[in-house]
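Asks: Right, I'll just put the structure down here and ask away after.
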Amino acid sequence: MNLLALMRSPSRFLALTLLLLPGLGWAQYTQEDAETWEQADPGQQYPQASDPWENWNRKVFRFNQTVDDYALRPVAEAYQKVTPDLVDQGVTNFFNNLTEIRNFANSVFQLKGESAVVAAGRFTYNTVFGLGGLIDVGTAFDLPERPEDFGQTLGYWGADTGPYLMLPFLGPSTIRGFSGFAVDQVVLPSPWDSVDSPEVYYARALQVVDKRADLLAAEGFISGDSYTFVKNAYLQRREYLVNDGKPSSDPFTEGEDENLMLEGF
């Protein structure tokens, strides 16, 4: 089902929105993010993204936390308790495999031929030999995931980050990040376009709950002011992705220990 067609049906679009929005902010993060939160320094800030709307952002952050506390986290905890680890990993692999279409398209936009080949290879191997993506065969074939999205594409071609923005339900972002998110969801091709309703609602809900469950263990890594911690972790992660892991010129790495850059981001 094409997302544009869904948007032209107000009742269906509203149903999908109400179902998915509480989890999308958490769904932006990956397991790699969770593993590196333990190393994050809440005192670090990236000057590339100012926070002129901090008062608004903090209010939205508290709202998102409330929604998560009373809706998403309890469901994720129940899901984690009743789902065997093997099944849980298979569900995670399946949904991660679907993002390879996005990774491929944005690799092409950024003229990254090798990354495009990796994305195409991963999707093919995981789909054909990995039981439709339930098994991460690509990583076993020495083809680790190379995440790319349109926000990274905009950054690759020099678009400014813009102010930091905390979005209701959607979580941390920037003007550039949200623009890229919108393009990825509405414009670029996606395997989700071929899924009809109501199955698409159930699948999306499972994706959000599975992602949130994977991040439950990472909550203990957050320290200090949680708003500042999440903001800095998000900005560091995005900076790392845009630069493909290469250190950028910033006051935290110049003349200091290079390990200040989060290695896992």
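The values are calculated or read from the model by the stated rules, or taken from the named source; none is laboratory data. As the structure is a computational prediction, the values presented were derived from the model and not from experiment. Accessible surface areas use protein heavy atoms only, side chains included; no ligands, DNA or RNA. Shrake-Rupley method; radii C 1.70, N 1.55, O 1.52, S 1.80 Å.
Asks: For the stretch 171-247, what is the accessible area per residue in Å², given a 1.4 Å probe and the full set of protein chains?
Replies: Solvent-accessible surface per residue comes out at 41 Å².
Asks: If you don't mind, another one. If you consider only alpha-carbon coordinates, what radius of gyration and Dmax does the stretch 143-223 have, in Å?
Replies: So, for the stretch 143-223, Rg and Dmax equal 15.3, 42 Å respectively.
Asks: Right, next: What is the percent carbon and sulfur in the accessible area of the stretch 117-205, measuring with a 1.4 Å probe over the protein chains and ignoring ligands?
Replies: C and S fraction of accessible area: 67 percent.
Asks: Here's another thing I want to ask about it. Fully extended, how many nm does the chain gain between Trp53 and Asn243 (0.36 nm per residue separation, minus their Cα-Cα distance)?
Replies: Fully extending the segment from Trp53 to Asn243 adds 65.8 nm.
Asks: Right, next: Can you give me the long-range amide H partners of Tyr164? Hydrogens built in the peptide plane at 1.01 Å from N, cutoff under 5 Å, separation of 5 or more residues or another chain.
Replies: Those qualifying (amide H under 5 Å, at least 5 residues apart or on another chain) are Ser50, Asp51.
Asks: When the chain is fully extended, how far beyond the present Cα-Cα distance does Val75 get from Val187, taking 0.36 nm per residue of separation?
Replies: 37.2 nm
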